Each structure stands twice: as structure tokens, then as C-alpha cells.
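Asks: A single structure is presented below for examination.
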Amino acid sequence: VLLILTANSCNFAKDTIHITITDAPYVNAGTDKTVCVDNLNISINGTIYGASTTGFWTSNGTGYFTPSNTALNAVYHASSQDSLNLNVTLVLTATNIGTCTPVSDTMQIHILPPGIVSAGNDQILCANNGNVQLNGSVTGGASQGMWQTSGSGIFSPNNTTLNATYIPNSSDLSTGSVTLVLNATDACNFAYDVLQI
């Protein structure tokens, strides 16, 4: 931009000033992440462009960055305290921005504890009264589960209901035993438990 100041005088004295406008930096820390407590080395990929291409990471946690907090593509090593807090906020801030107002972006890292699954106690049933009332539980970092069977019976109302009823078929009854497995479907670990009928 060129500004010209002209005096209202007989010689129309004037002076000019050039103003250069640079784009503000664009900063993107990346999308929020959810990780398991047993994987506390989290890859992060920040982006900065415009008035700058450099920046630095900070954290409200007690972990550290490698190779350093000035690498846009780095690894955040969450601490055991971070995992107890279950959440860490990372902030990417642009540097070398001249007179621009500081620009930052944040990302959240959610740290889930491992899922814990209980299929319940093994059961002994009579062949003429073979329906199995299930009472599974999924806790810890998980809340949903799915039943599987080694047999060919059915789950009522379905195999994703933790307290479903397993209805064995004639093949299950003639075999004399069935193994049921309850898997956590939303756990950050491979959590499961086995129930023998």
C-alpha cells in the first residue's frame, strides 16, 4: 500500500510511505487423538505457513517432545501423570512472525485406560433347560461388548447385549459344551473374557 501526504501549500509539498501487509501465519496442530494408556508415544504433525513456517509445541502435561518441541512433525511422549489425568492439551504456536499477532492452534490427546471384560462365571446346565442367562460387563476404558460362540446357538435379543440370553441349538446340546467369548468392541486394548457352558 502506498500512502501520500500532500500539504495544502503553494508548493504542494508531499511525502510518501510504503506499507507492506503480510499474511498472518496459518497454524494447524492437527486433529484430536485418542490413544491407549499402553501407547504413550504419540506422533504429531503440525502445519505452519504464511508469514512463518516455524513454530514450537507446548503442553499442559508433563511429557516431552522428540526430536524437540520446535519440530512440527514430532513425537509427544506422554508421562505417567498425563495418563492418570486421561487428557493432555498440546499447543502449536508460530514463531518468526514479525509484527503479526501470535497465532496458535491446539489439539487434545485423550488417554484411555485399558478395557476390562468379565463374561461371568462358568455355568453347568441341564440339556432340557439349556438357555443361558448372560451377565457380562465391560468397564475401564470401554463400554461396549460383543458375544461370540464356539457353537451355533443364538443370542437374544442380540450378541451386543451384555445381559443377553444364549439359546443353544441341538448341535450345542449334543456336543455337551459351548464356549462363549465376550470381547470389548471399543477398548483401546484387545480385552476379552471366556465363559464355558
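Asks: Of the numbered conditions (1) modelled with pLDDT under 90; (2) over 14 Å from the mean Cα position of the chain (by Cα); (3) within 30 Å of Gly140 (Cα to Cα), Leu3 fails exactly one; give the number of that condition.
Replies: (3)
Asks: Among the residues of the stretch 141-159, write down those that are open to solvent by 50 Å² or more (accessible area, probe 1.4 Å) and either closer than 25 Å to Asp38 by Cβ or touching a helix residue (DSSP H, G or I) at 6+ places or on another chain (Cβ under 7 Å) (or both).
Replies: Within the stretch 141-159, Ser143, Gln144, Met146, Gln148, Ser152 qualify.
Asks: Quick one: Thr99 ticks every box in (1) open to solvent by less than 90 Å² (accessible area, probe 1.4 Å); (2) among the β-branched types (Val, Ile, Thr); (3) free of Cβ contacts under 8 Å to residues at least 12 places away in the same chain bar one, so which box is it?
Replies: Just one mismatch for Thr99, condition (1).
Asks: A follow-up question, please. Across the stretch 40-71, what is the total count of residues that are loosely packed, with under 12 Cβ neighbours inside 10 Å and either aliphatic (A, V, I, L, M) or not in a strand (DSSP E or B) (or both)?
Replies: Result for the stretch 40-71: 2.
Asks: For residues that are open to solvent by 60 Å² or more (accessible area, probe 1.4 Å), under 30 Å from Asp38 (Cβ atoms) and in contact (Cβ under 8 Å) with a residue 12 or more places away in the chain, scanning just the stretch 160-196, find the one that is nearest to the chain's Cα centre (by Cα).
Replies: The qualifying residue nearest to the chain's Cα centre (by Cα) is Thr185.
Asks: Ile111 passes all but one of (1) exposed (fewer than 14 other Cβ atoms within 10 Å of the Cβ); (2) part of a strand (DSSP E or B); which number fails?
Replies: If we test Ile111 against (1) exposed (fewer than 14 other Cβ atoms within 10 Å of the Cβ); (2) part of a strand (DSSP E or B), just (1) comes out false.
Asks: So, in the stretch 8-25, of the ones that are open to solvent by less than 100 Å² (accessible area, probe 1.4 Å) and in contact (Cβ under 8 Å) with a residue 12 or more places away in the chain, which residue ends up farthest from Leu84 (Cα to Cα)?
Replies: The qualifying residue farthest from Leu84 (Cα to Cα) is Thr16.
Asks: Going by what's in this entry, would Ala74 be described as crowded, with 18+ Cβ neighbours inside 10 Å and assigned to a loop (DSSP other than H, G, I, E, B)?
Replies: No, not satisfied.
Asks: Just checking, how many residues over the stretch 134-146 are assigned to a strand (DSSP E or B) and within 16 Å of Gln123 (Cα to Cα)?
Replies: The initial filter retains those residues of the stretch 134-146 that are assigned to a strand (DSSP E or B), namely 137-140, 145-146.
Filter again for within 16 Å of Gln123 (Cα to Cα), leaving none.
So the count comes out to 0.
The values are calculated or read from the model by the stated rules, or taken from the named source; none is laboratory data. Computed from a predicted structure; not experimentally measured. So basically every Cβ, Gly included, is an ideal-geometry build from the backbone, and we count neighbours across all protein chains shown. Side chains are part of the model used for accessible areas, which takes the heavy atoms of the whole protein and leaves out ligands, DNA and RNA. Shrake-Rupley method; radii C 1.70, N 1.55, O 1.52, S 1.80 Å.
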